[in-house]
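The values are calculated or read from the model by the stated rules, or taken from the named source; none is laboratory data. As the structure is a prediction and not an experimental result, all values here were calculated from the model. With ideal geometry, Cβ positions are generated from the backbone for all residues, glycine too; neighbour counts draw on all protein chains shown. The protein model used for the area step is the full one, side chains on, heavy atoms only, and it has no ligands, DNA or RNA in it. Shrake-Rupley method; radii C 1.70, N 1.55, O 1.52, S 1.80 Å.
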Amino acid sequence: MAPAQATDKIPVFDVQLNESHVEAVAATLRSGWLTMGPRIQEFEAEFAEHLGIEHAIAVNSCTAALHLAYLAAGIGPGDEVIVPGITFVASAAAVRYCGGTPVLAEIVGQGDLSLDPEDVEAKISPRTKAVCAVHYGGYAAPLAALGEICERHGLALIEDAAHSPEAVVPGESRKLGTYGLAGTFSFFSNKILSCGEGGLLATADDGVAELARSRRSHAMTTGTWDRHRGHAMGYDVVEVGYNYRLDEPRAALLSARLPDLAADIEARRALTARYRELLGDIESLTLPYSDEQVAASSCYVMPAMLENAEQRDAVRKLLSESHGVQTSVLYPSINEFTAYGRGEQSLPRCEQAARTQLTLPLYPHLGEERLQRVVTALRASLDEVAA
Ligand SMILES: Cc1ncc(COP(=O)(O)O)c(C=O)c1O
């Protein structure tokens with residue numbers, strides 16, 4: 001198990017595959033069947049069991065899964081979906097794929113970067129059809145409040161669970177991604193369970209599952225694998241569908257990695273708790289979420305909020321240039337993107353988060369020594385910027 005990057009630098013994220021993972025992919029390549037087939041079916045069954053939900057439909061990205069989820073919620077031209085301003089742009093873009101309008105809402109604040117239920121309620125219009133709850137960083141969005149609002153207004157709740165496999169609401173055992181009409185997961189290379197490019201839609205609803213299974217492969221009535229095995233001779237096309245298929249080598253990699261997920265998350269939680277212990281006394285730093293929330297989270301990222309943009313940017317630069325510590329920003333606020341009406345809408349809490357947030361290195365094999373180096377480097381950079 002050689003480190004993925006043998007260097008002094010500490011990356012913000014790192015992926016480490018072992019021989020059994022590589023062998024699972026190699027065996028699939030040797031099998032000669034590369035597109036959607038038995039390994040996808042196996043992985044879907046495993047992930048459905050892992051989530052404790054009826055249907056898991058593998059696709060080639062979480063963006064594709066979001067598109068299918070919104071289609072299944074009936075989103076079309078003229079419809080609005082409420083989406084947090086702080087998320088990856090895909091949560092909003094997929095609404096536009098359907099011809100709908102993403103309506104951006106506020107996050108709770110510096111201590112909790114998830115969608116604010118009060119602002120959701122304020123943004124509901126006669127055109128609102130759905131709400132997208134993003135489990136930012138693997139921390140559960142306020143599902144009880146959002147679910148209640150959706151129920152009262154007859155809206156669909158879609159969970160963007162790209163960051164949150166294995167995570168739960170504190171005190172609950174039901175996994176995130178299983179509360180809404182659909183939950184969408186990402187297996188993109190920097191995600192917790194990664195295969196390069198991949199995604200999945202989870203649902204308990206038979207109709208949603210049927211739509212997603214059909215539209216991911218051109219809404220054809222039979223698949224290539226069925227035809228290959230002689231189970232079908234031809235096909236009809238019953239809707240306009242897409243090519244959102246995952247392939248077999250990636251499914252094999254996901255199946256090989258899934259048994260390690262729980263241990264990976266435990267390691268992430270322990271590292272996050274350690275960061276919080278070592279950084280908790282710094283006055284100019286806000287560490288979002290509580291220890292209880294950390295224990296329920298998938299701990300996809302380690303967020304820290306600084307005081308202002310100048311300080312954040314200067315600290316990031318010092319961390320990178322003087323200490324070899326890579327950081328990132330999750331996320332720019334969507335209302336500030338050109339394609340989303342740059343500046344037309346004001347979302348002060350999202351904008352503040354976008355200017356002050358810093359994501360520190362976090363991956364299961366980060367280890368105490370590197371974590372200590374990050375902490376020391378962060379303290380030194382904060383002191384230097386304050387001086
Ligand atoms: C919150 C969120 N939603 C959706 C996506 C899209 O995932 P994918 O890259 O698998 O399409 C991402 C990926 O970064 C994400 O972070």
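Listed values, structure above:
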{"read-out": "Charge dipole (the range 302-367, unit charges on Cβ, about Cα centre) - positive-most of H365, L319, I334", "value": "H365"}
{"read-out": "Charge tally in the Cβ shell below 12 Å around T224, where Lys, Arg are +1 and Asp, Glu are -1, T224 excluded", "value": "0"}
{"read-out": "For S217, distant residues with modelled amide H under 5 Å away", "value": "Y242, Y244"}
{"read-out": "Residue-level accessible surface for H218, protein heavy atoms, 1.4 Å, Å²", "value": "80 Å²"}
{"read-out": "Kirkwood-type radius of the range 258-348, with distances r between different C-alpha atoms, in Å", "value": "15.6 Å"}
{"read-out": "Electrostatic dipole magnitude of the chain [Cβ: Lys, Arg +1; Asp, Glu -1; Cα centre; debye, to 20]", "value": "900 debye"}
{"read-out": "Whether the range 56-209 is rounded, prolate or oblate, judged on the alpha carbon gyration tensor where a/c under 1.5 counts as rounded", "value": "rounded"}
{"read-out": "Cα-centre dipole for the range 222-279 with unit charges at Cβ (Lys and Arg positive, Asp and Glu negative), debye to 20", "value": "260 debye"}
{"read-out": "Cα shape, the range 333-387, gyration tensor, a/c 1.5 rule", "value": "oblate"}
{"read-out": "Ranked order, K191, K129, K123 - accessible area, probe 1.4 Å, largest first", "value": "K129, K123, K191"}
{"read-out": "For the chain, accessible area per residue (1.4 Å probe, heavy atoms of protein chains only), Å²", "value": "41 Å²"}
{"read-out": "The chain: relative contact order as a whole-number percent, Cα under 8 Å and 6+ apart", "value": "21 percent"}
{"read-out": "Sparse-neighbourhood loop sites, chymotrypsin sites (Phe, Trp or Tyr not before Pro) in the range 286-387 - DSSP loop, at most 15 other Cβ within 10 angstrom", "value": "F337"}
{"read-out": "A105 long-range amide H proximity, modeled H, under 5 Å", "value": "V83, G85"}
{"read-out": "Per DSSP, loop GluC sites (Glu not before Pro) in the range 302-350 with at most 10 further Cβ within 10 Å", "value": "E344"}
{"read-out": "Solvent exposure ordering (accessible area, 1.4 Å, most first) of H135, H323", "value": "H323, H135"}
{"read-out": "Dipole of the range 185-311 [Lys/Arg +1, Asp/Glu -1 at C-beta], most positive-end residue of G199, A232, L261", "value": "A232"}
{"read-out": "The chain, helix-only ellipticity at 222 nm - DSSP H runs n ≥ 4, -39,500 (n - 2.57), divided by all residues, nearest 500", "value": "-12500 deg cm²/dmol"}
{"read-out": "The chain shape via C-alpha gyration tensor axes, a/c threshold 1.5", "value": "oblate"}
{"read-out": "Span from the the range 340-387 Cα centroid across to the the range 206-270 one, whole angstrom", "value": "36 Å"}
{"read-out": "Heavy-atom accessible surface of the chain: percent carbon and sulfur, 1.4 Å", "value": "51 percent"}
